[in-house]
1. Of the peptides B:117-127, B:89-99, A:90-100, how do they stack up when ordered by the mean number of other Cβ atoms within 10 Å, highest first?
2. A:A15 label point, 7 Å along Cα→Cβ, cut-off 18 Å on backbone N: hits in the range A:27-69?
3. Taking the inverse of the average 1/r across all pairs of different Cα atoms in the range A:143-183, what Kirkwood radius in Å do you get?
4. How much length, in nm to one decimal, is gained on full extension between A:S226 and A:A49, taken as 0.36 nm per residue of separation minus their Cα-Cα distance?
5. For helix B:65-77, report the angle its Cα long axis makes with the longest principal axis of the Cα atoms of chain B; keep it between 0 and 90° and round to the nearest 10°.
6. Let's test the formula: R0 of 45 Å, r as the Cβ-Cβ distance of B:N220 and B:D101. What FRET efficiency results, to the nearest 0.05?
7. For the residue pair A:L34 and A:R82, what label-to-label distance in nm results when each label sits 7 Å from Cα along the Cα-to-beta-carbon direction?
8. According to the square roots a ≥ b ≥ c of the eigenvalues of the Cα gyration tensor, what is the shape class of the range A:1-97, taking rounded for a/c under 1.5, prolate for a/b larger than b/c otherwise, and oblate for the remainder?
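FYI, it's all coordinate maths here, none of it is from the lab. A quick note: this is a predicted structure, and the numbers were derived from the prediction, not measured. Glycine gets a Cβ as well: all are built from the backbone with ideal geometry, and neighbour counts include every protein chain shown.
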Amino acid sequence: MARDRAVRVWEWIAAAHEGDGPVSVAAVCRAAVLRLGVDGASVAAVSAAVGREPLFASDELSGLLEELQFTTGEGPAAGEFRLGAPVLVADLESAVARWPGFVPEAVAAGARAMFAVPLQAGAIRAGVMSLYRAVPGPLSAEELADVLVFADIALGLLLDTASGVSRLPGYGPLDGLSDSRAVVYQATGMISVQLGVSLEEALVRLRARAFAGGAAVGDVAAEVVSRRMRFDPGAGANT
Amino acid sequence: MAAIVDERLARTFVELADTLVGGFDLMEFLHMLTERCVELLEVDAAGLLLADGRGALQLVAASTEQVRLVELFQIQNDEGPCLDSYRTGRQVIVRDISAADVAAQWPRFAAAAVGMGFANVLAIPMRLRDQVIGTLNLFGPEPDGLDPAVARVASALVDVATIGILQERAAREQELVAGQLQAALNSRVIIEQAKGILAERLQITPAEAFMMLRQFSRNNHRPLTQLAGDVINGTASIGAVDGAES
């Protein structure tokens, strides 16, 4: 069941958390390396303002691959992910015609398989998670399913770090993750108009309102869509 | 089946095939598919569920509000013939939802479906070789109202739809399938976000906003998902003149 998988993946991530700060994408990367049979993981944030900002790399090669893709503009994680689909390259060498400026150097440095997943919800694209392996080979169906959940959680963490709610005691992004009802996305659109902000900011605010109030994200979204709750620029949410 | 239905059916296959080439928009295709099924097969309502790669089904299209609720109900309660069809990869035919054995097998689903006025359901898996990517589910108002010919035709339509979604007959790699499913589901999210934006701007319901989007998409030959993107980044003229351009 999807919920069981999400609970399990979150436990892995929480267990990989180090230090006193809130759980962040660093724990996501560490857990990915431990549990997914990959040799390295990295997360970069993406924004219109800053472009691309590396946030964490589990090892030196991950950092190098990130840098290389950024400078060449080529590679699994370098694209726009316009469709929202992950880019899964089981055999990097075979992709040399596709990314001639990237593949030879990446392979020489030790990467033989790469998997890049956008941290995305519709038109909201907050970042990219990249994984590599030192030997070629595809992700198994189980591993791929886990990777997608890792990405969901990483997206939640990026949004909740921005608002600060990830610092709240007892925080866990599972709630916002498990609810993929249409109302959450509709409410995001509505809130973006109410506040005059981007969709990403609207989702940050929606999640923050839910977590801070101890309510489920989907329930707050339903309130917004049924117009029992508005988000006003002046204050927080009004009911 | 009557000759007139054969003709409409043939046109539907041509229509579906046409959408598989230039200007193809997956979301519009899936919504159209559910509508055509209802028209052609004389069922009450149709719903379409796609797998999200994490083991969960997502509702992608529903021809009526009632069927939308019944499909969501199955997903949220993890119970129902549509879920069973997805898991087993086989058609599930329920001739009479109010029958005792049906209520014993799927108690919550049976109560909800009967409450919504549905008496029979046919759940058809969307398969490519060994992989099931979702289900198309047809609901009718009468017990035993399902024609076996309907089931066969529906299967054929579903096969075309599955190819349309995967866009590659030779898609062997599971990863390719997973990627395309993710893309399909991401399109759906974009459309939901655009619905919310339009609903708030025009002070209408998301359902009304969706009808507006589809109408505008057809009238202006702008693929649905791209139009949704236009709404989101503020470049769409929909809603500016309250549909007068449509």
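1. Descending packing order for the listed peptides: B:117-127, B:89-99, A:90-100.
2. The answer is A:27-39, whose backbone nitrogens lie closer than 18 Å to the label point.
3. One over the average 1/r among Cα pairs gives 10.9 Å for the range A:143-183.
4. Additional length available on full extension: 60.4 nm.
5. So the inclination is approximately 70 degrees.
6. The value I calculate is 0.35.
7. 4.0 nm
8. Because a/c hits 1.5 or more and a/b exceeds b/c, the range A:1-97 counts as prolate.
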